[in-house]
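The values are calculated or read from the model by the stated rules, or taken from the named source; none is laboratory data. Treat the numbers as computed from the prediction; the structure is a model and nothing was measured. No Cβ is skipped: glycine too gets one built from the backbone with ideal geometry, and neighbour counts run over all protein chains shown.
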Amino acid sequence: MRIINYYGKSGRVTLDNFNQEVKIYFDKIKELVRESKAQNAEIILLGDFNLHYEKYLDDKNNNRKIKKEHKLFEWIEDEQNFYDPFYIMFDNLSQHSLNTFYSFNTNQNPSRIDYIWVTENLFSETQECKIVNTTTINTDHRMLVYSIWSEDLIGKEVYKYNKMDGEQWELFQNDLNKYISNSEILKFNFNDKNNINHIWDKIKKGLVQASKNCIPIEKIKLTKSQVNPMKISNAYKSRTILGVLGQRLSHRSNHNLVYPQTT
């Protein structure tokens, strides 16, 4: 496992200097992530980024140009497929604020600038995530608390898609359908572009849970030369298609979605 911690400098001396400095640090983050993935390591990427995710999401959903300092969000989630457990696990965002920064200046609105992203296998082992007020130190930040089931951290779990038969795939489909029904995904307004990212995150959560419940798993010891068997299976193609679908849903503008009829 690799933990990458980043602190983003707040404030701007000049726009050009700010962007130049940010690019240096962002390139280093990308280098560390690629290096970790090449070693088949699970990754936790966290820190005070001093960047506003909601502003990035608003630009993205409204087809506006993504600001240079926000392109890291796009790279983390769309290109590297990291999971934001807080955004996914907090089903009702109106009742569970994700804001982490509450300035001592009461005229400044609260905002979310602290983040934790994890790779898929770590997300599937999520035990708890919460945002708490600190009482032992004087700070204008709230604390992110994220815990996982540690017994599965030794070694890596590989889904044995090639061991699945028709009956097992049917169980997988039924498990996924049950999750969708219980999570009330279908009650969301799919034509509201502000809901799309949250809907897609919840769908990904269901896919991970159904895989854990229904697909045979083999635990292997991590080595630098270990090959991911997913990439040589037909299931990898299906997951790639789902990834493309997620990106298209995330980038849709004013197009109406058409859903297949179910019986």
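In table form, for the structure just shown:
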item: Given (1) at pLDDT below 85; (2) under 18 Å from residue 47 (Cβ atoms); (3) surrounded by 13 or more Cβ atoms within 10 Å (Cβ to Cβ); (4) polar (S, T, N, Q), index of the condition residue 126 fails; result: (2)
item: Residue in the range 66-85 that is over 25 Å from residue 21 (Cβ atoms), outside any loop (DSSP other than H, G, I, E, B) and under 15 Å from the mean Cα position of the chain (by Cα) present; result: yes
item: Complete set of residues in the range 129-181 that are under 20 Å from residue 216 (Cα atoms), hydrophobic (A, V, I, L, M, F, W, C) and modelled with pLDDT of 85 or more; result: 164, 169, 171, 172, 176
item: Some residue of the range 225-246 being at pLDDT 85 or above, of a type outside the set (Asp, Glu) and surrounded by fewer than 13 Cβ atoms within 10 Å (Cβ to Cβ); result: no
item: Qualifying residue in the range 34-51 (condition: on the phi > 0 side of the Ramachandran plot, assigned to a loop (DSSP other than H, G, I, E, B) and surrounded by fewer than 19 Cβ atoms within 10 Å (Cβ to Cβ)); result: yes
item: Residue ID - surrounded by the fewest Cβ atoms within 10 Å (Cβ to Cβ), chosen from residues in the range 1-33 that are at pLDDT below 85 and not in a helix (DSSP H, G or I); result: 11
item: Any hit, the range 182-190, residues being part of a loop (DSSP other than H, G, I, E, B) and at pLDDT 85 or above; result: no
item: Test: residue in the range 184-200 that is charged (D, E, K, R), within 24 Å of residue 118 (Cα to Cα) and under 22 Å from the mean Cα position of the chain (by Cα); result: no
